[in-house]
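Please read the structure below before turning to the comments.
Just so it is clear, none of the values below were taken in a lab; they were calculated from the coordinates. Just so we're clear, the structure is a prediction, and the values are computed from it rather than from any experiment. Cβ: placed from backbone, ideal geometry, glycine included. Neighbour counts: every protein chain shown.
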Amino acid sequence: MTPTDETRIRAERGDLTTVAVDAVVNAANSSLLGGGGVDGAIHAAAGPHLLEACRELRRTSLPDGLAVGDAVATPGFELPARWVVHTVGPNRHRGETDPALLASCFTRSLDVAAEVGALIVAFPAVSAGVYGWAPESVARVAVDAVRRWVGAHPDAVDEVRFVLFSDALQEAFAEALAG
């Protein structure tokens, strides 16, 4: 498969907590201690050991929490995915409007996924929804960032899936992929 083969990057409607992939990306908050939306769903599906692992990260390597645009991995515990890659998206409501911060969520997550040996990675629409980014903007930034990363690291991952919980998000990502 060549790095430009678009079958390596796709968008689908689904539930991120049920996909059988090597790593799912969690749209986390900086505390890593759970929250609403995707974060809450992943924590609920992974079971209590995920929260314990995140508390251990906070106790040791991330005492101040995870920075916006960065990523870190934990085991997936009860999820079908072996790994959870946590990333903190920029919050437009707090003035975090730089698309480079959003792009970093996707590229840093792929860096971390590749470090743990994940070959199939599933993303949500990081920062869409309560963090105030329009689905179309998130889709454009995400698809561009993932395409650039896959092009620069052609053998690092086999597939990137955007697993989206609504028709509107799936349509926005399908349009970005087509463009």
### Query
VAL72: net charge of surrounding residues, Cβ under 14 Å, Lys/Arg +1, Asp/Glu -1, itself excluded?
-2
#### Entry: Per-residue Cβ neighbour rank within 10 angstrom, fewest leading, ARG161, ARG13
ARG13, ARG161
### Summary
Listed by chain and number, the residues whose amide H is under 5 Å from that of ASN26, excluding neighbours fewer than 5 places away on the same chain and using placed H, are VAL85, HIS86, THR87
### Message
Give me the percent relative contact order of region 6-178, please, defined on Cα pairs under 8 angstrom at least 6 residues apart.
### Response
30
### Query
Considering amide H positions built from the backbone, and no H for Pro or chain starts, which residues 5 or more places from ILE9, or on another chain, come under 5 Å of its amide H?
VAL160
### Whole-Hz ³J(HN,Hα) from phi, Karplus 6.51 cos²θ - 1.76 cosθ + 1.60, for region 87-93, glycine and proline x
9, 10, x, x, 9, 4, 5
### Query
Among rounded, prolate and oblate, which fits region 92-179 when a ≥ b ≥ c are the square roots of the eigenvalues of its C-alpha gyration tensor, a/c under 1.5 means rounded, and a/b larger than b/c means prolate?
prolate
### Task
Would you mind checking which residues have amide H under 5 Å from GLY35's amide H? H placed 1.01 Å from N; only 5 or more apart, or other chain.
GLY40
### Message
Among DSSP bridges having both ends in the chain, what percentage is antiparallel? Round to the nearest 5.
### Response
20
### Task
Treat the count of other C-beta atoms within 10 Å as a stand-in for reagent exposure and order LEU164, LEU51 from fewest to most.
LEU51, LEU164
### Task
Could you line up SER109, SER166, SER137 from fewest to most neighbouring Cβ atoms inside 10 Å?
SER166, SER137, SER109
